[in-house]
Amino acid sequence: MPQESNNGHKILRVLRLAALLEAKPPKNIRFLADQLQTTERTVYRYLDLLTEIGFNIGRDDENRCFIPHETGKSPVRFTPEEAAYLHRLLLATGKKNRLASAILEKVRPEGDAPAYNGQLLAAHLAQTIEKISEAIHNGRQVVLKKYHSVNSNKISDRRVEPIRFTDNYQGLVAYEPATGINKLFKIERISAVEVRKTAFRFRDKHRYQAPDVFGFSETGRTYTVAWRMSLRVAVLLREEYPMTSALVQYDKKNKTYVFSGEVYSLKPVTRFLLGFLDEVSIVGDHRLKAALHRKVMRFLQP
């Protein structure tokens with residue numbers, strides 16, 4: 001399973017490159033390497049691979065790459081065997097990977113028809129990602145229209161300078177001039193995107209910090225947390241937060257599963273663990289146990 005999962009991530013990265021190249025405008029190698037979080041040399045290898053499997057890679061006068069939208073030409077197709085294999089590999093990357101989900105819809109085995117609402121959601125997310133990608137490439141500010149914030153419990157427009165998407169395209173790291181903070185915005189909580197004519201004004205303050213395995217951005221504080229859990233809880237944890245998989249180990253001696261790692265916030269951890277208190281035991285940092293205790297006591301207050 002680990003090898004299959006790694007292959008799935010490699011294929012997903014190549015297809016992410018294809019998605020970037022299909023979205024206007026054309027992009028240079030350095031930008032592509034930055035978005036894929038890899039080296040320029042690797043990008044060139046991926047471009048060769050895309051050419052080998054049938055994609056037409058174009059270049060403009062500034063040697064920026066793109067995939068032209070050619071009319072009258074059939075798109076790249078997979079054989080049933082190739083589609084089934086790709087489908088199986090991408091499933092290993094986690095159900096919450098937005099790009100993987102969109103690709104899975106295209107290689108779904110016949111007879112397993114996608115839901116109409118799922119198609120609409122995928123189209124909306126793809127449009128959101130394309131507009132933001134264009135703004136990043138051109139160095140333009142954007143307005144995230146009617147953004148649903150869990151922290152503030154408000155729906156509002158947020159003017160930001162987009163920096164980079166997270167590795168799985170679930171989130172966007174952007175600098176917000178109003179607060180002077182680099183924040184993580186969840187793609188699915190953005191109702192619409194308005195690209196402004198205003199160029200970046202705070203580029204020197206842009207900082208990209210990859211979110212933790214629970215999807216939280218850096219808060220200036222780090223918590224080292226660990227807990228033992230049953231197989232059922234371990235499976236549900238991986239399904240809900242796929243990036244935690246690498247930090248979950250099986251303890252043969254105690255026949256339990258152990259999560260151990262650093263997080264930027266205890267909020268998502270406590271929210272998850274509260275549903276399984278009889279199948280979990282906290283070890284390590286006492287702050288996690290204290291946070292759970294506070295939540296339980298607050299719930300029990302009359």
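The values are calculated or read from the model by the stated rules, or taken from the named source; none is laboratory data. Treat the numbers as computed from the prediction; the structure is a model and nothing was measured. Positions of Cβ are generated from backbone atoms using ideal geometry, with glycine treated the same way; all protein chains shown enter the neighbour counts.
Summary of values
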{"read-out": "For D251: the one exception among (1) farther than 25 Å from I163 by Cα; (2) surrounded by 19 or more Cβ atoms within 10 Å (Cβ to Cβ); (3) at pLDDT below 95; (4) not hydrophobic (A, V, I, L, M, F, W, C)", "value": "(2)"}
{"read-out": "First in the stretch 16-27 and over 14 Å from L50 (Cβ atoms), second anywhere and of a type in the set (G, A, S) and crowded, with 19+ Cβ neighbours inside 10 Å, Cβ under 7 Å, 6 or more apart", "value": "A23/S133"}
{"read-out": "Scan of the stretch 175-195 for residues that are assigned to a strand (DSSP E or B), touching a residue at least 24 places away in the same chain (Cβ under 8 Å) and of a type outside the set (F, W, Y), ordered by number", "value": "N182, K183, L184, K186, A192, V193, E194, V195"}
{"read-out": "Qualifying residue in the stretch 190-198 (condition: crowded, with 17+ Cβ neighbours inside 10 Å and among the hydrophobic types (A, V, I, L, M, F, W, C))", "value": "yes"}
{"read-out": "Residue match in the stretch 45-61 (condition: modelled with pLDDT of 85 or more, surrounded by 12 or more Cβ atoms within 10 Å (Cβ to Cβ), assigned to a helix (DSSP H, G or I) and among the hydroxyl-bearing types (S, T, Y))", "value": "yes"}
{"read-out": "Residue in the stretch 209-217 that is in a strand (DSSP E or B) and surrounded by fewer than 19 Cβ atoms within 10 Å (Cβ to Cβ) present", "value": "no"}
